[in-house]
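Below is one structure, written out as structure tokens; the observations come after it.
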Amino acid sequence: MPQLSDSASPVLSRFCRPLNSLLVCAALSVSGVALAAPNFSGPSVGKVAQPTVFSGKGFVPNAPLTVLVKRPGGAEAGFSAVATPEGALSYSFVPAATGVHALTVTDSAGRSLAKAVLNALP
């Protein structure tokens, strides 16, 4: 394998550093466009014992997800879900009590991805 001389090194260095910077910037730009933050929303007000549908998009396609529901008073329960091949999620929630319910979608590592809130009325 040929060895580079010391005199060639500064030339390569002047060429490669800007090229590496350009490639890193291009990669960051592309990844920023491709990875939009997921969203999850539904009505902010609903009725006790009536289904309320929440939907979201921007999740990793076919990813296992959990919808954590924090009920009034602080009790929390998790419900399994899976994103569609398009990265969408639909979740039907039936509040059992009046008050504010916080819904959080998490990934398989437990990281919060998106949130929604429902105030259940009698």
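In the context of the full set of protein chains, residues of the stretch 27-122 present 58 Å² of accessible surface per residue (probe radius 1.4 Å, heavy atoms only). For E86 and L121, the difference between the fully extended length at 0.36 nm per residue and the C-alpha to C-alpha distance is 9.3 nm.
Only Lys, Arg, Asp and Glu carry charge here, each on its Cβ (+1 for the first two, -1 for the last two); on that basis the stretch 55-122 has a dipole of about 140 debye about its Cα centre.
The values are calculated or read from the model by the stated rules, or taken from the named source; none is laboratory data. This structure is a prediction, so every number in the text was calculated from the model and none was measured. Note that we place each Cβ from the backbone using ideal geometry, even for glycine, and neighbour counts take in every protein chain shown. Remember, those area values only see protein heavy atoms, side chains included, never the ligands or the DNA or RNA. Shrake-Rupley method; radii C 1.70, N 1.55, O 1.52, S 1.80 Å.
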